[in-house]
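First the structure, in the form of structure tokens, and then the observations on it.
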Amino acid sequence: MAPRKPRILVTNDDGIQACGLRALVAELVKQDGLFEISVCAPSGERSAQSHAITLGQHLTCKPWDMGDNVHEAYAVDGTPADTVMLALNSPLFQPTTKGEFDAVVSGINRGDNCGLHVIYSGTVGAAREAACKGIPAIA
């Protein structure tokens, strides 16, 4: 039996159609099938949301085509932290995947995330949400 590929969740705060997210996914899938890539990202721009989560309203989630080499992808009408919470805690990813995510990669961000910007950054907030759940993450 072949060993399980590491499962990587990719997200961002610039939205699922952002050039940085697409570039990141393209580089990860070029690694000769080394990873199982899943994407769960906001449906649109959600910069400067920090670690905000959506309360008091339902989130909608739509399947998204990210290409043949991406295991699954969804656009969520919530914050970057919402997308990570959804991917890690909902049954959305469970029927088609094998176990927990091994890492979360958040980005590539359109702007910089340095200095005080990390306090406001939704990209960093998404990675922080994963880290709070015990999943290694980078923004």
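The values are calculated or read from the model by the stated rules, or taken from the named source; none is laboratory data. The model shown is predicted, which means the values in this text are computed figures rather than measured ones. All Cβ positions, even for glycine, are placed from backbone atoms using ideal geometry, and neighbour counts span all protein chains on display. Side chains included, ligands, DNA and RNA excluded: accessible areas come from the protein's heavy atoms. Shrake-Rupley method; radii C 1.70, N 1.55, O 1.52, S 1.80 Å.
Computed quantities for the displayed model
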| read-out | value |
| --- | --- |
| For residue 73, residues with placed amide H under 5 Å, excluding near neighbours | 39, 64 |
| Pair residue 89, residue 62: separation of 7 Å Cα→Cβ label points (nm) | 2.5 nm |
| Solvent exposure of the chain as accessible area per residue, Å², 1.4 Å probe | 53 Å² |
| Most fluctuating residue given options 91, 80, 63, as computed from a GNM of the chain linking Cα atoms under 10 Å | 91 |
| Percent antiparallel among DSSP beta bridges (both partners in the chain, rounded to 5) | 15 percent |
| Helix 19-29 axis, angle to the chain major axis (alpha carbon atoms, nearest 10°) | 20 degrees |
| Protein accessible area in the chain, 1.4 Å probe - carbon and sulfur % | 58 percent |
| Value in Å of the Kirkwood radius, where the chain supplies the Cα pairs that are averaged | 14.7 Å |
| For residue 36, residues with placed amide H under 5 Å, excluding near neighbours | 7, 8 |
| Long-range amide H partners of residue 137 with built H, under 5 Å | 104 |
| For the chain, calculated [θ]222 nm from helices alone, where every DSSP H run of n ≥ 4 adds -39500 (n - 2.57) | -7500 deg cm²/dmol |
| Candidates 48, 23, 126, ranked by Gaussian network fluctuation over the chain, Cα under 10 Å, top entry | 23 |
